[in-house]
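Here's the structure we're looking at; comments come further down.
The values are calculated or read from the model by the stated rules, or taken from the named source; none is laboratory data. In this text, all values refer to a predicted model and were calculated from it rather than measured experimentally. Reconstructed Cβ throughout: ideal geometry from the backbone, glycine too, with neighbour counts over all protein chains shown. Heads up: the accessible areas ignore ligands, DNA and RNA and are worked out on the full protein's heavy atoms, side chains in. Shrake-Rupley method; radii C 1.70, N 1.55, O 1.52, S 1.80 Å.
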Amino acid sequence: MEIWDVESRKYRLDGLLEEDIQLAEAYFGVKLPDDYIKLLKIQNGGTLICNALPIALNRWDGDDYLEIDNLRGIKKDKGIMETEYFKQEWGISKRNIILISGDGHSWFALDYNHGAEPKVIYIETDSERITQIYDTFQEFINHLYVHEHDEEEGLRTTPLPTIEDARKLINCSEEDDIIEGFDIFNSFIYDESIHEEYFDYVLNFIKSGNEDLKDYAAEAVWRVVTAQYPIDKSLIQKVIVELKDDKDPTIQNFLEEIEEIINSV
């Protein structure tokens, strides 16, 4: 897949060397995705032809894609090697991540908190919101596309889903509707007044006997905790107690990270 804007010099570094890869992997203590390295061997970072990802966060009317204009390469003190500097500069506290694209107010990053193969997350520094968007770097690249802005784009009138819409969906009988409703509800997590209701839904999912909803609930709590929203620890502890004896290894991985984070605060 051709992604580089070869006419632009912005963000582009000198050609990638094997020593650059070794330097980065030794510094971060990880193995970088093979597909990322392949792209950097073609061009060591730079501006992208594609400028969007089809991710709808529903933060405002028409918020149905994420903008992206660059992918960072590797050189000593440049590209992804500036991760720690930018994390400090923009107040990003999440550990075990590598910033691969961004402008300060928002970042795309490789998240190594779940194993050797990183997931891709989207970080909004102004709201301190972190969203996992893809399970692999290759999936992230495969979803890049060119978003054509049109004159009418700023004039859309489709209303954003409300918290009442979320509640109605959560109380439906269909699993897809329930998850859609909870996703909407989750977008209001910055409002502390809904936290108890939020965790009531989580506990209901866990106790429902539906394995998919249980797994989804555990991951949802993990997302909220890793994003470091100011959640009352007693609410999180109720989830931990409910899932403590669950034999699912994925559930246990989520719980281990949740406990590690809340105990470190």
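For the stretch 97-118, a residue qualifies if it is open to solvent by 20 Å² or more (accessible area, probe 1.4 Å), under 20 Å from Gly79 (Cβ atoms) and of a type outside the set (Asp, Glu), and the qualifying residues are His105, Ser106, Tyr112. Annotation note: Cβ proximity below 6 Å between a residue of the stretch 189-208 that is closer than 17 Å to Lys244 by Cα and a residue that is among the charged types (D, E, K, R) and open to solvent by 30 Å² or more (accessible area, probe 1.4 Å) (sequence gap 6+ or interchain) occurs for Ile206/Glu242.
Remark: pairs (first residue in the stretch 236-254, in contact (Cβ under 8 Å) with a residue 40 or more places away in the chain; second residue assigned to a helix (DSSP H, G or I) and open to solvent by less than 30 Å² (accessible area, probe 1.4 Å); Cβ separation under 8 Å; 6+ apart in sequence or on different chains) = Val239/Phe199; Val239/Val202; Val239/Leu203; Val239/Ile206; Val239/Ala217; Val239/Ala218; Val239/Val221; Val239/Ile258.
Each residue in the stretch 223-265 was checked for being part of a helix (DSSP H, G or I), open to solvent by 50 Å² or more (accessible area, probe 1.4 Å) and either among the polar types (S, T, N, Q) or touching a Pro at 6+ places or on another chain (Cβ under 6 Å) (or both), and 7 pass. Of the set (1) surrounded by 16 or more Cβ atoms within 10 Å (Cβ to Cβ); (2) in contact (Cβ under 8 Å) with a residue 24 or more places away in the chain; (3) under 28 Å from Ala227 (Cα atoms), all apply to Glu67 but (1).
Anything in the stretch 189-235 that is within 22 Å of the chain's Cα centre (by Cα), within 20 Å of Gln252 (Cβ to Cβ) and among the β-branched types (Val, Ile, Thr)? List them, or say none. Of everything in the stretch 189-235, those that are within 22 Å of the chain's Cα centre (by Cα), within 20 Å of Gln252 (Cβ to Cβ) and among the β-branched types (Val, Ile, Thr) turn out to be Val202, Val221, Val224, Val225, Thr226. Might you check whether a residue that is surrounded by fewer than 18 Cβ atoms within 10 Å (Cβ to Cβ), aromatic (Phe, Trp, Tyr), within 27 Å of Trp4 (Cα to Cα) and modelled with pLDDT of 90 or more occurs anywhere in the stretch 73-85? Yes: one or more hits. When we screen Leu99, Leu110 for residues that are touching a Ser or Thr at 6+ places or on another chain (Cβ under 6 Å), modelled with pLDDT of 95 or more and not polar (S, T, N, Q), the only hit is Leu99. If you filter the stretch 84-141 down to residues that are within 14 Å of Thr226 (Cβ to Cβ) and basic (Lys, Arg), you find that the one that is farthest from the chain's Cα centre (by Cα) is Arg95.
Applying the set (1) within 21 Å of Trp60 (Cβ to Cβ); (2) in a loop (DSSP other than H, G, I, E, B); (3) open to solvent by less than 40 Å² (accessible area, probe 1.4 Å) to Phe188 leaves exactly one unmet item: (3).
Would you say Ile258 is closer than 22 Å to Glu124 by Cα and at pLDDT 85 or above?
When the stated conditions are applied, Ile258 passes them.
Every listed requirement among (1) closer than 29 Å to Ser106 by Cα; (2) assigned to a helix (DSSP H, G or I); (3) open to solvent by 30 Å² or more (accessible area, probe 1.4 Å) is met by Asn204 save one, (1). Among the residues making up the stretch 17-55, those that are of a type outside the set (D, E, K, R), open to solvent by less than 30 Å² (accessible area, probe 1.4 Å), modelled with pLDDT of 95 or more and over 23 Å from the mean Cα position of the chain (by Cα) are Ile21, Asn44.
Among the residues of the stretch 97-139, what is the count of those that are under 16 Å from Leu57 (Cα atoms) and in contact (Cβ under 8 Å) with a residue 60 or more places away in the chain? Give the steps one after another, and end with the answer.
So in the stretch 97-139, the residues under 16 Å from Leu57 (Cα atoms) come out as 105-108, 120-134.
Narrowing the set further to residues that are in contact (Cβ under 8 Å) with a residue 60 or more places away in the chain leaves 122, 127-133.
The number of residues fulfilling the criteria is 8.
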